[in-house]
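**Student:** To start, I am sharing the structure in question, which I have written as structure tokens.
The values are calculated or read from the model by the stated rules, or taken from the named source; none is laboratory data. Bear in mind that the values here come from a model prediction, so they are computed numbers and not experimental data. Cβ coordinates were reconstructed from backbone atoms using ideal geometry, including for glycine residues, and neighbour counts include every protein chain displayed.
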Amino acid sequence: MKKKEIKIDIKGYFKKNIKRIIICFLSVFGMGFSLSFLILCNLGTDTCTFMNTNVSGKIGLSFGNWQLIFNIVMLVLVIIFRRDLIGIGTVINMVLIAYYADFFDWIWGKFIPSSAFTEPVSRGVIFTVSLAVFIISAAIYMNTDVGIAPYDALAVMLNDILKKLPFFLCRNIVDFMSIAIGMLAGGRPKIGHILMALLLGPAITLVGKKMKKINQD
């Protein structure tokens, strides 16, 4: 018997999903852009980073090494249970968001005085706007339907198990569990971590309804 050849129509995939891929790129860009401000404000970023930063310090590994191990483990779980959640969007997020954040951090260091991130009023305004942009961008990214990051997939898989719970509650559970793990590792969550855990789930659901038409094209 001849082995069947498996052909992957990459050109067809991109042609079919070009609109979603462009939206994915833009949303990840928005996440990296706003993340650079959140880091400089030092009032809390995403819950996954909070967890991994504290766990890596607790076990004596560098953040980069622990983050790599964590992402590999999560990726394996997603491939086993929901491989349909893996796609070009997964790669875009895992590869680009940190580079975007680093690039804009370099830009702000040249043009924005550091006092803007420490003076209460300007710090509060920058933090609030950046948090909103990050949450909206992340919600759009989650709904582009071209693949999501392994950590983001956890809420989807939990929703598969707890079918009676709405998705936003499953996302809340995952994010607050991440905060709890970070606290057990010695970390102290800031206002940004709490707001991210509370608001991201509902935002993903709301944006998903708005983008339903795009995802059905």
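**Student:** Conditions first: (1) crowded, with 17+ Cβ neighbours inside 10 Å; (2) more than 16 Å from the chain's Cα centre (by Cα); (3) at pLDDT 90 or above. ARG20 passes all but one, so which condition is the exception?
**Tutor:** Failed condition: (3).
**Student:** Out of all the residues in the stretch 77-94, which are charged (D, E, K, R) and surrounded by 15 or more Cβ atoms within 10 Å (Cβ to Cβ)? Break it down stepwise before answering.
**Tutor:** In the first step, residues of the stretch 77-94 are kept if they are charged (D, E, K, R); the result is 82-84.
Residue satisfying the conditions is ARG82 alone.
**Student:** For the stretch 53-69, name all the residues that are surrounded by 18 or more Cβ atoms within 10 Å (Cβ to Cβ) and either in contact with an Asp or Glu (Cβ under 9 Å, 6 or more places away or on another chain) or at pLDDT 90 or above (or both). Give the derivation first.
**Tutor:** Quick first cut of the stretch 53-69, residues surrounded by 18 or more Cβ atoms within 10 Å (Cβ to Cβ) only: 54-56, 66-67.
The answer is ASN54, VAL55, SER56.
**Student:** Ok, one more. Answer yes or no as to whether LYS110 is outside any helix (DSSP H, G or I), surrounded by fewer than 18 Cβ atoms within 10 Å (Cβ to Cβ) and without any contact (Cβ under 8 Å) to a residue 24 or more places away in the chain.
**Tutor:** Numbers: outside any helix (DSSP H, G or I): no; surrounded by fewer than 18 Cβ atoms within 10 Å (Cβ to Cβ): yes; without any contact (Cβ under 8 Å) to a residue 24 or more places away in the chain: yes.
Answer is no for this residue.
**Student:** Could you grab me the full set of residues in the stretch 155-200 that are over 29 Å from ILE126 (Cα atoms) and free of Cβ contacts under 8 Å to residues at least 24 places away in the same chain?
**Tutor:** LEU158, ASN159, ILE161, LEU162, LYS163, LYS164, LEU165, LEU184
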